[in-house]
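> Can you read through this structure? Questions will come right after.
The values are calculated or read from the model by the stated rules, or taken from the named source; none is laboratory data. Please read all numbers here as calculations on a predicted model, not as lab measurements. When we count neighbours, we look across all protein chains shown, and the Cβ atoms used for this are built from the backbone with ideal geometry, even at glycine.
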Amino acid sequence: MKKEYAVIGLGRFGGSICKELNREGMEVLAIDLDEDKVNEYKDIASHAVIADSTDEKVLKELGIRNIDHVIVAIGDNIQASILTTLMLKELGIMKITVKAQNDYHEKVLNKIGADQVVHPERDMGKRIAHSIISNNVLDY
Ligand code: ATP
């Protein structure tokens, strides 16, 4: 059976994940508080809904329990990101990927059981540094 995904938070990071999953033919539920963001993803995601992910009742109504992998891409509001992750864990989501804003955020996310914590700016910076070094090696 095809896996189902949900992306919570449609900023640059969450939006990019949503677009790529769609491009790969995956089923994606896109969630954001912001109506304009949700409208932007209406034709990209399988379903796009305006919702506050910190509201447990809303998450249940959305049928989030049936989703195989949820990506929490809320950036600035660390409290909302942590609370959302905690509720997804309690609802028994099998795989949760969360974007961390800083090291403390990352530590808390790991403690509450996020399966994968990513730090896009830092991780990409590391990858680019390595690619710069390897290109330099080839140049000489
Ligand atoms: P990026 O760097 O990926 O552009 P960011 O790290 O600046 O994003 P924000 O813009 O703070 O992150 O948040 C990303 C999205 O998450 C926003 O579109 C925001 O509306 C949404 N968001 C924030 N809180 C919630 C929430 N409780 N429920 C649903 N969506 C939320």
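> Is it true that some residue in segment 24-40 is among the polar types (S, T, N, Q), farther than 26 Å from GLU121 by Cβ, at pLDDT 95 or above and surrounded by fewer than 14 Cβ atoms within 10 Å (Cβ to Cβ)?
The first filter runs over segment 24-40 and keeps only residues among the polar types (S, T, N, Q), leaving 39.
Next, only the ones that are farther than 26 Å from GLU121 by Cβ stay: 39.
From what's left, at pLDDT 95 or above: 39.
Pick out the ones that are also surrounded by fewer than 14 Cβ atoms within 10 Å (Cβ to Cβ) and you get 39.
Yes: segment 24-40 contains one or more residues that are among the polar types (S, T, N, Q), farther than 26 Å from GLU121 by Cβ, at pLDDT 95 or above and surrounded by fewer than 14 Cβ atoms within 10 Å (Cβ to Cβ).
> From the list ALA45, ALA6, ALA30, pick out the single residue that is more than 9 Å from the ligand (Cβ to nearest atom) and either without any contact (Cβ under 8 Å) to a residue 24 or more places away in the chain or in a loop (DSSP other than H, G, I, E, B) (or both).
Numbers: ALA6 fails: either without any contact (Cβ under 8 Å) to a residue 24 or more places away in the chain or in a loop (DSSP other than H, G, I, E, B) (or both); ALA30 fails: either without any contact (Cβ under 8 Å) to a residue 24 or more places away in the chain or in a loop (DSSP other than H, G, I, E, B) (or both).
From the options ALA45, ALA6, ALA30, the qualifying one is ALA45.
> Which condition does ASN136 not pass, out of (1) closer than 24 Å to GLU20 by Cα; (2) of a type in the set (S, T, N, Q); (3) exposed (fewer than 11 other Cβ atoms within 10 Å of the Cβ), if it passes all the others?
Condition (1) is where ASN136 drops out.
> Does ILE74 qualify as being within 14 Å of the ligand (Cβ to nearest atom) and either within 15 Å of LEU109 (Cα to Cα) or out of contact with any Pro (no Cβ under 6 Å at 6 or more places or on another chain) (or both)? Let's see the steps before the verdict.
On the way: within 14 Å of the ligand (Cβ to nearest atom): yes; either within 15 Å of LEU109 (Cα to Cα) or out of contact with any Pro (no Cβ under 6 Å at 6 or more places or on another chain) (or both): yes.
When the stated conditions are applied, ILE74 passes them.
> Quick check on my filter: what residues within segment 97-140 are in contact with a Lys or Arg (Cβ under 7 Å, 6 or more places away or on another chain) and either modelled with pLDDT under 95 or β-branched (Val, Ile, Thr) (or both)? Break it down into steps so the answer makes sense when it comes.
Kept after step one, since they are in contact with a Lys or Arg (Cβ under 7 Å, 6 or more places away or on another chain), are these residues of segment 97-140: 112-113, 115, 118, 120.
Those that are in contact with a Lys or Arg (Cβ under 7 Å, 6 or more places away or on another chain) and either modelled with pLDDT under 95 or β-branched (Val, Ile, Thr) (or both): ILE112, VAL118, PRO120.
> Which of the residues belonging to segment 51-96 are in a loop (DSSP other than H, G, I, E, B), more than 14 Å from ALA6 (Cβ to Cβ) and either at pLDDT below 95 or in contact with a strand residue (DSSP E or B) (Cβ under 8 Å, 6 or more places away or on another chain) (or both)?
GLY75, ASP76
> Just give me the residues in segment 77-93 being within 12 Å of the ligand (Cβ to nearest atom) and of a type outside the set (A, V, I, L, M), in sequence order.
Once the filter is applied, which keeps residues that are within 12 Å of the ligand (Cβ to nearest atom) and of a type outside the set (A, V, I, L, M), segment 77-93 yields ASN77, GLN79, SER81, THR84, THR85.
> Another question, if that's okay. Look at ILE96 and say whether it is closer than 15 Å to VAL118 by Cβ, near the ligand (Cβ under 9 Å from one of its atoms) and touching a Ser or Thr at 6+ places or on another chain (Cβ under 7 Å). Steps first, please.
Working: closer than 15 Å to VAL118 by Cβ: yes; near the ligand (Cβ under 9 Å from one of its atoms): no; touching a Ser or Thr at 6+ places or on another chain (Cβ under 7 Å): yes.
For ILE96, the condition - closer than 15 Å to VAL118 by Cβ, near the ligand (Cβ under 9 Å from one of its atoms) and touching a Ser or Thr at 6+ places or on another chain (Cβ under 7 Å) - is not met.
> On to the next question. Got a sec? Which of GLY75, GLY92, GLY113 is touching a Phe, Trp or Tyr at 6+ places or on another chain (Cβ under 8 Å), among the small types (Gly, Ala, Ser) and in contact (Cβ under 8 Å) with a residue 24 or more places away in the chain?
Numbers: GLY92 fails: touching a Phe, Trp or Tyr at 6+ places or on another chain (Cβ under 8 Å); GLY113 fails: touching a Phe, Trp or Tyr at 6+ places or on another chain (Cβ under 8 Å).
Just one listed residue meets the conditions, GLY75.
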